[in-house]
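The values are calculated or read from the model by the stated rules, or taken from the named source; none is laboratory data. Please read all numbers here as calculations on a predicted model, not as lab measurements. Glycine gets a Cβ as well: all are built from the backbone with ideal geometry, and neighbour counts include every protein chain shown. Quick note on the areas: whole protein, heavy atoms, side chains included, nothing else; ligands and nucleic acids left out. Shrake-Rupley method; radii C 1.70, N 1.55, O 1.52, S 1.80 Å.
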Amino acid sequence: MKIALDAMGGDYAPVNPVEGAVAAVREFPDLELILVGQEERIREELEKHGTNEERIRVHHAAEVVEMGDNAVQAVRRKKDSSINRAVDLVKSGDAEAVVTAGHTGALVTAATLKLRRLPGIGRAGIATVMPTETNLFLLIDAGANIDASPDHLVGYAIMGSIYSRLVINRDVAEPRVGLMSIGSEAGKGNEFTRSVYQHLSGARINFVGNIEGHALFNDPVEVVVCDGFVGNVVLKTAESLATAIFLWLKNELSKNPMRYAGAMLAKDAFKAIRKKTNTEEYGGMPLLGVNGICIKAHGNSSPKAIKNALRVAREAVEQKINDRIIKEISQYDEQKQLQPETTAPAH
């Protein structure tokens with residue numbers, strides 16, 4: 001299995017991407033990696049790890065998309081950038097997936113323009129894994145598109161359900177899908193969410209209704225659907241809050257010897273929670289809906305996070321995620337053509 005890794009993407013490139021790549025090929029014997037980027041710098045990093053691994057090769061790309069670049073302009077003007085060339089490898093069939101910790105907008109733009117969307121998919125969506133005390137849930141869209149239609153969110157729900165049951169929650173045959181809204185009742189929300197509710201109710205998914213913000217972690221479902229604007233706000237708020245709480249705890253527990261002693265006794269519990277909320281454990285975020293497997297890792301990804309992003313890409317390829325999406329979207333479209341139009345629920 002061949003995966004293209006954007007070795008110049010992320011805050012610590014090419015150091016962390018290369019180290020993560022070396023770890024991945026050592027853990028997964030069936031994995032072949034194409035490290036895309038500035039060849040000299042990549043080979044310098046490979047030499048540090050003393051590897052002459054035949055399952056790693058370098059594909060030179062002279063340019064780098066910087067985090068401050070405009071996504072569309074960067075993809076069009078920096079044609080020899082590492083993210084462009086990595087996506088090109090998927091388009092040509094030389095790689096089965098692409099992984100990057102680089103510019104999110106550039107990945108979405110390059111994948112959409114070069115790979116195109118899957119049949120029946122109106123918009124691609126980024127899905128991110130979020131932990132709760134009892135399970136993991138998928139939030140989609142987490143920022144690929146800030147404007148979406150009700151049909152787009154139905155696509156997100158179907159794609160999220162497939163990805164959840166095949167990659168994230170394999171023990172859940174029918175993942176529960178909730179629509180992000182301001183109330184649990186069907187008539188709550190704005191005109192857009194009420195329309196989405198109607199559309200989701202007619203889809204062949206395990207739709208359980210609206211889910212409010214306070215229920216995300218207290219009464220979780222497996223898939224949470226929203227537009228990219230709401231999803232990105234939820235994601236970044238949750239990540240910053242988790243970081244803040246650990247900092248607050250650290251400061252409070254170190255204020256006197258008694259608290260510090262108690263913290264030492266509870267050290268294993270703190271470690272367990274830290275592991276559960278550590279994004280590097282879950283790999284990257286899939287961009288679902290494009291004609292190729294695309295995984296977006298965090299910009300500050302550690303080597304371990306890169307390795308796990310490559311693992312996630314490998315699992316998505318193994319499970320033939322896109323074939324399943326095409327099949328189930330086609331079934332939904334056929335079903336929708338047979339259904340009479342109804343009005344949205346009153347509020």
* If you take the residues in the range 62-79 that are of a type in the set (D, E, K, R) and farther than 21 Å from L115 by Cα, which one is surrounded by the most Cβ atoms within 10 Å (Cβ to Cβ)? -> D69
* **Residue that is farthest from K307 (Cα to Cα) [pool: residues in the range 28-61 that are open to solvent by less than 90 Å² (accessible area, probe 1.4 Å) and out of contact with any strand residue (DSSP E or B) (no Cβ under 8 Å at 6 or more places or on another chain)]** => G50
* Just give me the residues in the range 177-201 being in contact with an Asp or Glu (Cβ under 7 Å, 6 or more places away or on another chain) and over 22 Å from V233 (Cα atoms), in sequence order. => H199
* To do: Starting from the range 30-51, take each residue that is free of Cβ contacts under 8 Å to residues at least 40 places away in the same chain and list its partners that are basic (K, R), counting only C-beta distances under 6 angstrom and pairs at least six apart or across chains.
  => E32/K2; E32/R55
* Does the range 259-281 contain at least one residue that is part of a helix (DSSP H, G or I), of a type outside the set (G, A, S), closer than 23 Å to V108 by Cβ and open to solvent by less than 50 Å² (accessible area, probe 1.4 Å)? -> yes
* To do: Could you list all residues from the range 160-186 that are in a helix (DSSP H, G or I) and either within 12 Å of A203 (Cα to Cα) or of a type in the set (V, I, T) (or both)?
  => S161, I162, V167, I168
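What about T128, is it in contact with a strand residue (DSSP E or B) (Cβ under 7 Å, 6 or more places away or on another chain), of a type in the set (S, T, Y) and in a helix (DSSP H, G or I)?
On the way: in contact with a strand residue (DSSP E or B) (Cβ under 7 Å, 6 or more places away or on another chain): yes; of a type in the set (S, T, Y): yes; in a helix (DSSP H, G or I): no.
Criteria not met by T128.
Yes/no per residue for (1) within 23 Å of the chain's Cα centre (by Cα); (2) among the hydrophobic types (A, V, I, L, M, F, W, C); (3) exposed (fewer than 15 other Cβ atoms within 10 Å of the Cβ); (4) modelled with pLDDT of 95 or more:
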| position | (1), (2), (3), (4) |
| --- | --- |
| A186 | no, yes, no, no |
| I205 | yes, yes, no, no |
| P220 | yes, no, no, no |
| G228 | yes, no, no, no |
* Structure fact -> Restricting attention to the range 285-309, the residues that are part of a strand (DSSP E or B), modelled with pLDDT of 95 or more and of a type in the set (A, V, I, L, M) number exactly 5
* Does the range 275-289 contain any residue that is over 28 Å from the mean Cα position of the chain (by Cα), farther than 23 Å from D30 by Cα and of a type in the set (A, V, I, L, M)? -> no
* **Criterion (under 18 Å from Y332 (Cβ atoms) and of a type outside the set (G, A, S)) met by exactly one of V167, V233, V223, V172** => V223
* Just wondering, is there one or more residues in the range 97-119 that are under 14 Å from the mean Cα position of the chain (by Cα) and over 24 Å from G20 (Cα atoms)? -> no
* Structure fact -> For the range 274-307, the count of residues that are in contact with a Pro (Cβ under 9 Å, 6 or more places away or on another chain) and basic (K, R) equals 2
* Asked: From the list T237, T243, which residue is open to solvent by 90 Å² or more (accessible area, probe 1.4 Å) and within 22 Å of the chain's Cα centre (by Cα)?
  -> T243
* Asked: Out of (1) open to solvent by 10 Å² or more (accessible area, probe 1.4 Å); (2) assigned to a helix (DSSP H, G or I); (3) small (G, A, S), the odd one out for A144 is which?
  -> (2)
* Asked: Can you name the residue in the range 197-234 that is assigned to a loop (DSSP other than H, G, I, E, B) and β-branched (V, I, T) and is also farthest from L288 (Cα to Cα) among such residues?
  -> V221
* To do: Exactly one condition in (1) modelled with pLDDT under 95; (2) closer than 30 Å to D69 by Cβ; (3) open to solvent by 10 Å² or more (accessible area, probe 1.4 Å); (4) outside any loop (DSSP other than H, G, I, E, B) is not met by K114; state its number.
  => (1)
* Structure fact -> Of the residues in the range 187-224, those that are over 22 Å from H298 (Cβ atoms) and of a type in the set (A, V, I, L, M, F, W, C) come to F192, V196, L200, A203, I205, F207, V208, I211, A215, V221
